[in-house]
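**Q** Structure below; questions to follow.
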Amino acid sequence: MSEWLVLTLAMAAACGVVLIVTLLRHRRTGADYDASETPDVIEYMTMMIGVVYAIVLGLAIAGVWEARGAAQEHVRVEAQALHEISERARVYPEDIRERIRADVHTYVSHVVTKEWDAMAAQGELTDRGADLLARIRHDVTDYEPKSDFEAQAYQPLVDQVAAADDARSRRADSAGATMPGVVWFGLIIGGLVTIGMIFTLQIRRTPRELLLAGLFSALFAFLLFLIWDFDAPYSRGIAATAEPFRALFPHLDG
């Protein structure tokens with residue numbers, strides 16, 4: 001199901017529930033019911049609950065957006081480290097250089113074509129990717145420099161392998177959902193309570209009030225959908241992409 005369809009259905013459902021409850025509540029009230037009388041304490045409580053929930057929503061949206069940005073940064077760091085390994089290996093003999101570059105190419109191809117789909121579908125990395133990165137590490141660390149020039153390039157190459165490994169680990173940590181279940185529980189219950197407070201204000205069945213109630217509930221549905229959409233940085237909506245790998249290794253498409 002398309003995410004836009006899910007969003008549309010969620011907003012429509014939120015509006016529909018609020019409007020139906022409002023209409024049913026209005027039918028059950030007597031003719032002498034005065035909808036203009038609302039205790040001041042109810043208005044104050046409604047205002048405070050709305051403000052607190054708005055702050056919570058803002059923090060949640062900022063948190064998942066920051067997690068999405070961090071996930072994209074992990075990809076960039078990993079791609080840059082692998083690119084540095086491929087380029088700095090030029091000081092090594094041809095057979096060693098070509099073996100390192102071939103293994104880097106194999107690893108990057110695996111990440112872009114297979115591991116990325118595994119992250120999106122299962123929220124985890126593949127064992128094959130770990131094996132391919134270990135092969136790159138062995139290519140770099142097992143070679144014994146034959147000259148001072150090669151020796152000077154050895155440690156930076158080892159450092160770049162470590163940087164790629166660290167970025168891969170961070171990418172693995174970011175592959176799943178970032179919001180704990182207890183936070184989702186609080187967001188959903190808080191939304192229901194906040195929308196429920198509409199009915200304590202004794203809204204009437206005028207078109208203006210019904211429109212505002214519907215838009216109010218639809219806004220909450222949209223914000224919760226936005227948090228859910230950003231919650232998995234590699235699989236939903238505006239997700240982190242493998243573009244850094246494609247930009248630094250343009251021959252992948254070939």
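The values are calculated or read from the model by the stated rules, or taken from the named source; none is laboratory data. If you're wondering where the values come from, they're calculated on a predicted model, not measured in any experiment. With ideal geometry, Cβ positions are generated from the backbone for all residues, glycine too; neighbour counts draw on all protein chains shown.
**Q** Go through region 97-141 and report how many residues are over 30 Å from the mean Cα position of the chain (by Cα), of a type in the set (A, V, I, L, M) and crowded, with 17+ Cβ neighbours inside 10 Å.
**A** Within region 97-141, residues that are over 30 Å from the mean Cα position of the chain (by Cα), of a type in the set (A, V, I, L, M) and crowded, with 17+ Cβ neighbours inside 10 Å number 2.
**Q** Being of a type in the set (A, V, I, L, M, F, W, C) and either in contact with a Ser or Thr (Cβ under 8 Å, 6 or more places away or on another chain) or part of a loop (DSSP other than H, G, I, E, B) (or both) narrows it down to one of VAL104, VAL140, so name that one. Explain how you work it out, then say what you get.
**A** Working: VAL140 fails: either in contact with a Ser or Thr (Cβ under 8 Å, 6 or more places away or on another chain) or part of a loop (DSSP other than H, G, I, E, B) (or both).
Exactly one residue qualifies, and that residue is VAL104.
**Q** Residue check: is VAL161 more than 30 Å from LEU59 (Cα to Cα), in contact (Cβ under 8 Å) with a residue 12 or more places away in the chain and surrounded by 14 or more Cβ atoms within 10 Å (Cβ to Cβ)?
**A** On the way: more than 30 Å from LEU59 (Cα to Cα): yes; in contact (Cβ under 8 Å) with a residue 12 or more places away in the chain: yes; surrounded by 14 or more Cβ atoms within 10 Å (Cβ to Cβ): yes.
Yes: the conditions hold for VAL161.
**Q** Shifting gears a bit: Suppose we filter ARG246, ARG205 for residues that are basic (Lys, Arg), surrounded by fewer than 18 Cβ atoms within 10 Å (Cβ to Cβ) and modelled with pLDDT under 85; which single one remains? Full working, then the answer.
**A** Values: ARG246 fails: modelled with pLDDT under 85.
On inspection, the qualifying residue turns out to be ARG205.
**Q** Quick check: is even one residue across region 82-89 within 19 Å of HIS251 (Cα to Cα), at pLDDT 90 or above and surrounded by fewer than 17 Cβ atoms within 10 Å (Cβ to Cβ)?
**A** yes
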